[in-house]
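Single-structure report; data block below.
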Amino acid sequence: QKEVEQDPGPLSVPEGAIVSLNCTYSNSAFQYFMWYRQYSRKGPELLMYTYSSGNKEDGRFTAQVDKSSKYISLFIRDSQPSDSATYLCAMSVYYNQGGKLIFGQGTELSVKP
Amino acid sequence: SAVISQKPSRDICQRGTSLTIQCQVDSQVTMMFWYRQQPGQSLTLIATANQGSEATYESGFVIDKFPISRPNLTFSTLTVSNMSPEDSSIYLCSVQGADGYTFGSGTRLTVV
């Protein structure tokens, strides 16, 4: 079993839809959770960073962490064609863990005009 | 956040040869990290490069295959040695910032 599981998609939605992206994990020691967006032929770009459980909102993006269920989500409201990318969840036990983030496989999202 | 320049952006190499990937950061950083992203797979940490000491490799990665240099606080190189088609991947460098880790744009390597 992988430490982090993420549905690879692809996921296709119409413009304006609410998108829900999810990851599950097995290591209960994870405390730091990140979402990255990766456009084709580009490196991952940090979108959201949360510590422990709860919600965090930034514009159209909301990150949720449910540590009891070992489940994290990223919601995108009013999705735009420019949101079309691969979304990667990542997590670690300690923030200063020397870069050893554990990544999900990534979900490919396509937002159709 | 730090700006990372990585090159080459892509290359096609013959099996048995080696390729050196360069990573330049616009600020001084203590640790730099090298990841591999295989087709359809998640990113996997190869090694951590500290200036002035040997790189620390993750399980499954060895120095003979992936030698790393870290001559100063803004630069690092990763060499993929004696390449085989299984080494075809995207290789990324990364540095730690205040709110997470920043990545370079990656090197897309195809071994034929």
Study note, to complete from the structure: By the mean-Cβ-within-10 Å protection proxy, highest first, A:63-75, A:100-112 rank as A:100-112, A:63-75
Study note, to complete from the structure: Taking every residue of B:42-48, the Cβ atoms of other protein chains inside 10 Å of its Cβ average out to 6
Practice item. Give the shape of the range B:64-112 as rounded, prolate or oblate, defined through the alpha-carbon gyration tensor: a ≥ b ≥ c are the square roots of its eigenvalues, a/c under 1.5 means rounded, and otherwise the shape is prolate if a/b is larger than b/c and oblate if not. Key: oblate
Review point. Which cysteines does the protein assembly as shown leave without a neighbouring Cys Cβ under 4.7 Å?
Key: B:C13
Check your understanding: Using a 1.4 Å probe on the protein chains only, how many percent of the accessible area of the protein assembly as shown belongs to carbon and sulfur?
Key -> 47
Exercise for review: Take the cross-link list B:K7/B:K65; A:K112/B:K7; A:K42/A:K112 and give me the ones stretching past 31 Å between alpha-carbons.
Suggested key: A:K112/B:K7
Check your understanding: Roughly what % antiparallel, to the nearest 5, for the DSSP beta bridges in the protein assembly as shown?
Key -> 90
Check your understanding: So what does A:E15 come to for accessible area, using a 1.4 Å probe and Å² rounded to 10?
Key -> 90
Study note, to complete from the structure: The alpha-carbon center of the range A:60-78 and that of the range B:56-71 are separated, in whole Å, by 35
Review point. How high is the relative contact order of chain B, in percent, counting Cα pairs under 8 Å that sit 6 or more residues apart?
Key: 38
Exercise for review: Send over the per residue convex hull volume for chain B, Cα only, as a whole number of Å³.
Suggested key: 94
Check your understanding: Can you pull the mean other chain C-beta count within 10 Å for peptide A:38-47?
Key -> 6
Revision key, fill the gap. The answer for chymotrypsin sites (Phe, Trp or Tyr not before Pro) in the range A:1-52 that fall in a DSSP coil and have at most 16 neighbouring Cβ atoms within 10 Å is A:Y39
Practice item. Could you check what % of the DSSP bridge pairs in chain A are antiparallel, to the nearest 5? Key: 90
Check your understanding: Counting DSSP beta bridges in chain B, what percent are antiparallel, to the nearest 5?
Key -> 90
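The values are calculated or read from the model by the stated rules, or taken from the named source; none is laboratory data. Treat the numbers as computed from the prediction; the structure is a model and nothing was measured. Ideal geometry is used to build each Cβ from the backbone, glycine not excepted, and the neighbour counts take in all protein chains shown. When the accessible area is computed, the model is the full protein with side chains, heavy atoms only, and any ligands, DNA or RNA have been set aside. Shrake-Rupley method; radii C 1.70, N 1.55, O 1.52, S 1.80 Å.
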